[in-house]
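Here the structure is laid out as structure tokens; the discussion comes afterwards.
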Amino acid sequence: MIRREGDRIAIAGSVTLENVTGILAEAVAHVRAGASQVDLGEVSELDSSLLAAILALIREARRESRTLMISSLPAGLKTLAGLYGVEDLLPLSSTASSQ
């Protein structure tokens, strides 16, 4: 589920291979409409598809000549980004990590 609050979108619940396509499509529409922050603090379950989706959203924002900030990065996603060597590609806000 995605909730829009001003220039911020909050992604909640499970984000896995089973549902990431729909979540990504909705999130891309919000980024194209001006969202500049993605809050992941309410993600309850994830797999590497969430990392791929976040990278796709960052790429979409760059196409629009904007920066997309990521906040409340789940520990599991941070671990996956480190394993894949892409952590430096994630523009993290000051509230990026959740413990």
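Within segment 59-77, being assigned to a helix (DSSP H, G or I) and either more than 17 Å from I9 (Cβ to Cβ) or without any contact (Cβ under 8 Å) to a residue 24 or more places away in the chain (or both) holds for R59, R62, R63, A75, G76.
Taken as a whole, the condition of being among the aliphatic types (A, V, I, L, M) and exposed (fewer than 13 other Cβ atoms within 10 Å of the Cβ) does not apply to A29.
For segment 38-53, the set of residues classified as in contact with a Lys or Arg (Cβ under 9 Å, 6 or more places away or on another chain) and acidic (D, E) consists of D39, E42, listed by residue number.
Yes/no per residue for (1) at pLDDT 95 or above; (2) acidic (D, E); (3) part of a strand (DSSP E or B):
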{"residue": "G13", "(1), (2), (3)": "yes, no, yes"}
{"residue": "A29", "(1), (2), (3)": "yes, no, no"}
{"residue": "V43", "(1), (2), (3)": "yes, no, yes"}
{"residue": "S49", "(1), (2), (3)": "yes, no, no"}
{"residue": "L57", "(1), (2), (3)": "yes, no, no"}
{"residue": "T79", "(1), (2), (3)": "no, no, no"}
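Restricting E87, E5, E60 to those that are exposed (fewer than 14 other Cβ atoms within 10 Å of the Cβ) and among the acidic types (D, E) reduces the list to E5.
Look at D39 and say whether it is within 9 Å of the chain's Cα centre (by Cα), charged (D, E, K, R) and surrounded by 15 or more Cβ atoms within 10 Å (Cβ to Cβ). So D39 passes the test.
The values are calculated or read from the model by the stated rules, or taken from the named source; none is laboratory data. Because the structure is a prediction, the values reported are computed rather than measured. Here Cβ is always computed from backbone atoms with ideal geometry, including for glycine, and neighbour counts include all displayed protein chains.
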